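Scroll down for the structure; my scribbles are underneath it.
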Amino acid sequence: MKAQVFRGVNQLSYEDIPLPELASDEVLVQVRVVGLCQSDIKKIRYPLYEPPRIFGHETAGVISAVGEAVTGWQVGQRVVVMHHIPCMHCIYCLNENFSMCEVYKNITTTAGFAPSGGGFAEYVKVPGHIVRNGGLIPIPDSVTFERASFVEPTNCCLKAVKKARVEPGQTVLITGAGPIGLMFVMLVNYFGARAIATDLLPSRLEKALELGAEAAFDARNPDLASQVKERTGGMGVDTSILAVPSEKAFFQALDCTRKGGKILFFAEFPDEVEIPINPNILYRREIDLMGSYSSSYRVQGLATDIVFNKRIDVDKLVSDKYPLKELAAAVERAVQPTPETYKILLYP
């Protein structure tokens, strides 16, 4: 089969590799569409993992083979593939910190080499643990593969919104109006709150307004904090979500967040970044800092419902479609987006 093999930093090789061999409890899925995620881009562009590997994890496809011990799944079923499932019984899982679970981190889908997601290939193998414990989600006939591929990223954003306890009537600042930031705009609206977005691209500010943001500001606006406070009765927003890894965005969020509010780190910062802050600012204003990483099994059913039943319209986020052979070009487009670049999908 064909796959995009990571052979080193910024080295992708489109090559023939063997079809994964199935154990008795495993399932093989033919990949129909896979989303390009910012985490994939980081793994390709920075020395984070030893090659060779096959990345890609926002996967939707068709079951092409099942192991002899597999029950409940048949060849031909359309499915979303979740690349991580927690163990459900370690101390992290018992405290609903599912993404900290060692099983969650270490057992994943694969197309070959060190298991790394495997969606950037024609076929991906789903381990028995994931098959048995909810990692395959049937796709209704009325739902396209493209829309179904959004279940995993929607889960990740939904987890963050839930962690921040966004409630009806609140106002949420979302820094960055790329595909993830725009998804946050729609989810904030879904939960009855008001979204304010920031970005550097005018087209993305317009897109945020189109998708339901109450206001959208240029992140370079020197009067950003005062304009946000004007819209919040002089208080500031209840929650700020950092959807871009920007030190400036953090300090803007700090200026825009009300006393007793929350700031949630969603985007992953480069490891070398350190943000100096006077702790008395957090102490005196009672600001909560929190992080949200990856997905949560707890919200998987809700994420699926939101995507499949179009509670948010993820189809409006798709801007570019590439054959898998052109993954390198897709990564370059994501790194240097045009004014109309949002979510990029790939087709093996």
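The values are calculated or read from the model by the stated rules, or taken from the named source; none is laboratory data. Values in this document were obtained by computation on a predicted structure and should not be read as measured data. For neighbour counting, all protein chains shown are included, and Cβ atoms are generated from backbone atoms with ideal geometry for every residue, glycine included. Keep in mind that these areas ignore ligands, DNA and RNA; they rest on the heavy atoms of the full protein, side chains included. Shrake-Rupley method; radii C 1.70, N 1.55, O 1.52, S 1.80 Å.
Convex hull of alpha carbon positions in region 157-291: directionally averaged projected area 7.5 nm². With the highest mean first, a sort of the peptides 135-143, 280-288, 206-214, 51-59 on other beta-carbon atoms found within 10 angstrom per residue produces 51-59, 206-214, 135-143, 280-288. Taking all Cα pairs closer than 8 Å and separated by 6 or more residues, the relative contact order of the chain comes to 17 percent. What Kirkwood hydrodynamic radius do you get for the chain when you take the inverse of the mean 1/r over all pairs of distinct Cα atoms, in Å? For the chain, the Kirkwood estimate is 20.8 Å.
Go ahead and run the numbers for FRET between Ala23 and Ser319, Cβ-Cβ distance against an R0 of 30 Å, rounding to 0.05.
E between Ala23 and Ser319, to the nearest 0.05, is 0.20.
Using only Cα positions of region 88-192, each an equal point scatterer, no hydration layer, compute I(q)/I(0) via Debye at q = 0.14, 0.15, 0.17, 0.19 Å⁻¹ and quote the log10 values to two decimals. With one equal scatterer per Cα and no solvent, log10 I(q)/I(0) is -0.77, -0.87, -1.06, -1.19.
If you add up the charges near Ala60, with Lys and Arg at +1 and Asp and Glu at -1, over every other residue whose beta carbon is less than 9 angstrom from its beta carbon, what do you get? Intermediate values should be presented prior to the final figure.
Working: positive: Arg32, Arg78, Arg147; negative: Glu58, Glu146.
Neighbourhood net charge equals +1.
Calculated accessible area for region 157-291 comes out at 47 Å² per residue, all protein chains present (probe 1.4 Å; ligands, DNA, RNA ignored).
Label sites at Lys259 and Lys162, each approximated as a point 7 angstrom past Cα along Cα to Cβ, lie 3.3 nm apart.
Using Cβ point charges alone (K and R +1, D and E -1), the dipole size of the chain about the Cα centre works out to roughly 560 debye. Take the Cα radius of gyration of region 26-140 and divide it by 2.2 N^0.38 Å, N being the number of residues; the result is 1.06. Peptide packing: for 239-247, 312-320, the average count of neighbouring Cβ atoms within 10 Å per residue gives the ranking 239-247, 312-320, highest mean first.
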